[in-house]
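Below you'll find the structure, written out as structure tokens, and then a few comments.
The values are calculated or read from the model by the stated rules, or taken from the named source; none is laboratory data. None of the values given here were measured: they were computed from a predicted structure. Cβ atoms come from the backbone with ideal geometry, glycine included; neighbour counts cover every protein chain shown.
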């Protein structure tokens, strides 16, 4: 009977043990007992550490194996090469193994072969290095599994990163190399007598900076035929440079926006994370593990025509991943191919690949089907809204009667119109299966406060594109304190850089395996204007119901108008009802021409989406003024401040100096300047209570 020695027995090695037995081999497996889940599958299990090469060799001389192999481990690969050489079995040279398991030797080999490499330097204990440019990546020269990998952007952080990498290194050395940008991929190959075959290209997803722990993989990677061909050519050159002649290869690389391909590193063994053992056969029908056994025994690999499918692995990094797994078990069991849970997901402290508590593997027939499986969207909508009260005010200008609709009383994150927006955004995310959010604004923004809080409650990532040009002074506000507490990832930019910042946020979230949702649609802020509008079309109905119940008719509705979504929604409701009351937006930031242009565009797109007919005189229905901006966004005048004090003193209602206080003051001035009297006036309180406390804080100063 043929015999094979297998080095390693953890869960990633089990497919090799099982496959070898299936192929008629007697299996002799070496590993420590702890974590050796493959021991139960072995014909013979030897409780000897994979690094005790001479002890294993002594046993092998008694076994007389026909092949020696491993998958998914650099450390085990070193022992495999040593044994194959001593036993006269097929395998790669010691120089090949040295170059493919030591990152510094690997970079040097690539450089010698003329393969483009980034800046790199080797650092030992007590040594230092001064890269010319940052960021850089620091990692041990001779470890895998994302151990002690750190992206360093600040030179002051470099010594600590080097120390951490050296501590994990067997040879007590670290490599410092220029950071390579771009999407990350791996390439799975099989080699026999120096001839390489590409079996699959995998799209990799990681936690991102600073440690880049893998969270999932998708196969095959969605690449054009041209890029795929370039990837294969680059990898084959790199395999030749390392001297890989036999067995599996796992090459990691990045492809940047320009389509440039840069090798990160290559292992002369099958990739871990079930990429080769499970994803390749599920996506191609190829028996990759069987090929490893064949080449280890000196036989050519059996390569057949592909049977194309889509496969993916998702690691259990948090409770949302566990909920996703349970949902798939219940609703899509036929797509679920493997589940392994080795630890408590709720309490896991994940510091590298080895500390991930589990994973599950999926197969689908299309990318679209796989996307639906991998991305569920928010599991719940924690925001609840109700018909907010309309309060008659004591405030009296001697000419008109004033009412206020109190959307500031909505019960989430200090309330406000953005609470209604947030509820609709969650509904849309659920519909589109999006599991992360990109918001836009600044640290005065009520919307950013509410959405940051929402994402924190849902435990989903939140990126904030921060327009630093809107605010003239850099100071902390109550909103900014709340936003920072919610753990948003901030991308600061000027107005000209908004689209690029949104694209950066989208790319980073996709790199982490998420499906991002930008609240304004595409990177130019187009496509989702209808979502918040929907919420305030419904509010317009609330207002009409109040009027019918109480026998009152509001001649004017006033509100603070910034992005114009609230006013656009109210107008959509008014136009649907066919009434002619004036809805007046008091601008807090936009000039009048731009505001009217945005509202007009919003209404036209809304009408197209929901099959509405708009009047020919649409623009006559749009009332938006910039006459009361009081010096710009976030600025206010003393008369406006006096009115804020007056309203709180007489009504107990907080207004703020950025939105509602400025708008209320603008409403009073508008009525006075246009000599409006004898009318019922409704002011929509759109929230902003934290900014009221900022106002009080400024008062104290």
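Any chance the range 664-687 includes a residue that's crowded, with 21+ Cβ neighbours inside 10 Å, part of a helix (DSSP H, G or I) and within 34 Å of the chain's Cα centre (by Cα)? No, the conditions are met nowhere in the range 664-687.
For residue 639, the conditions (1) part of a loop (DSSP other than H, G, I, E, B); (2) over 37 Å from the mean Cα position of the chain (by Cα); (3) surrounded by fewer than 18 Cβ atoms within 10 Å (Cβ to Cβ) all hold with the exception of (1).
Going by what's in this entry, would residue 596 be described as out of contact with any strand residue (DSSP E or B) (no Cβ under 6 Å at 6 or more places or on another chain), assigned to a helix (DSSP H, G or I) and modelled with pLDDT of 95 or more?
So residue 596 fails the test.
Suppose we filter 607, 560, 538 for residues that are modelled with pLDDT of 95 or more, part of a strand (DSSP E or B) and closer than 28 Å to residue 428 by Cβ; which single one remains? On inspection, the qualifying residue turns out to be 560. Does residue 148 satisfy the criteria of being in contact with a strand residue (DSSP E or B) (Cβ under 6 Å, 6 or more places away or on another chain), crowded, with 20+ Cβ neighbours inside 10 Å and either at pLDDT below 90 or assigned to a loop (DSSP other than H, G, I, E, B) (or both)? Answer is yes for this residue.
Based on this model, can you work out whether residue 389 counts as surrounded by fewer than 19 Cβ atoms within 10 Å (Cβ to Cβ), free of Cβ contacts under 8 Å to residues at least 60 places away in the same chain and over 18 Å from the mean Cα position of the chain (by Cα)? It is true that residue 389 is surrounded by fewer than 19 Cβ atoms within 10 Å (Cβ to Cβ), free of Cβ contacts under 8 Å to residues at least 60 places away in the same chain and over 18 Å from the mean Cα position of the chain (by Cα). Among the residues of the range 120-145, those that are under 25 Å from residue 271 (Cα atoms) and either touching a helix residue (DSSP H, G or I) at 6+ places or on another chain (Cβ under 6 Å) or assigned to a loop (DSSP other than H, G, I, E, B) (or both) comprise 120, 122, 138, 139, 140, 141, 142, 143, 144, 145. The single residue among 69, 76 that is out of contact with any helix residue (DSSP H, G or I) (no Cβ under 9 Å at 6 or more places or on another chain) and either closer than 27 Å to residue 338 by Cα or at pLDDT below 95 (or both) turns out to be 76. Could you check, for the range 653-670, whether at least one of its residues is free of Cβ contacts under 8 Å to residues at least 12 places away in the same chain and farther than 19 Å from residue 681 by Cα? No, the range 653-670 contains no residue that is free of Cβ contacts under 8 Å to residues at least 12 places away in the same chain and farther than 19 Å from residue 681 by Cα. Tell me, please, whether a residue that is in contact (Cβ under 8 Å) with a residue 60 or more places away in the chain, part of a helix (DSSP H, G or I), out of contact with any strand residue (DSSP E or B) (no Cβ under 8 Å at 6 or more places or on another chain) and surrounded by 17 or more Cβ atoms within 10 Å (Cβ to Cβ) can be found in the range 520-530. So far as the range 520-530 goes, yes, one or more of its residues are in contact (Cβ under 8 Å) with a residue 60 or more places away in the chain, part of a helix (DSSP H, G or I), out of contact with any strand residue (DSSP E or B) (no Cβ under 8 Å at 6 or more places or on another chain) and surrounded by 17 or more Cβ atoms within 10 Å (Cβ to Cβ).
Scan the range 265-275 and give yes if some residue there is assigned to a strand (DSSP E or B) and either modelled with pLDDT of 95 or more or under 20 Å from residue 114 (Cβ atoms) (or both), otherwise no. Scanning the range 265-275 turns up at least one residue that is assigned to a strand (DSSP E or B) and either modelled with pLDDT of 95 or more or under 20 Å from residue 114 (Cβ atoms) (or both).
Just wondering, is there one or more residues in the range 333-349 that are closer than 20 Å to residue 515 by Cβ and over 20 Å from the mean Cα position of the chain (by Cα)? Scanning the range 333-349 turns up at least one residue that is closer than 20 Å to residue 515 by Cβ and over 20 Å from the mean Cα position of the chain (by Cα). Going through (1) outside any helix (DSSP H, G or I); (2) touching a residue at least 60 places away in the same chain (Cβ under 8 Å); (3) under 24 Å from residue 679 (Cβ atoms) one by one, residue 566 falls short only on (1). Does residue 276 fit the bill of being within 22 Å of residue 17 (Cα to Cα) and out of contact with any helix residue (DSSP H, G or I) (no Cβ under 9 Å at 6 or more places or on another chain)? So residue 276 does not fit the description; no. Candidates in the range 1-36 are the residues that are out of contact with any strand residue (DSSP E or B) (no Cβ under 9 Å at 6 or more places or on another chain) and more than 17 Å from residue 66 (Cα to Cα); of these, the one that is surrounded by the fewest Cβ atoms within 10 Å (Cβ to Cβ) is 34. Scan the range 504-519 and give yes if some residue there is over 14 Å from the mean Cα position of the chain (by Cα) and closer than 22 Å to residue 378 by Cβ, otherwise no. There is at least one residue in the range 504-519 that is over 14 Å from the mean Cα position of the chain (by Cα) and closer than 22 Å to residue 378 by Cβ.
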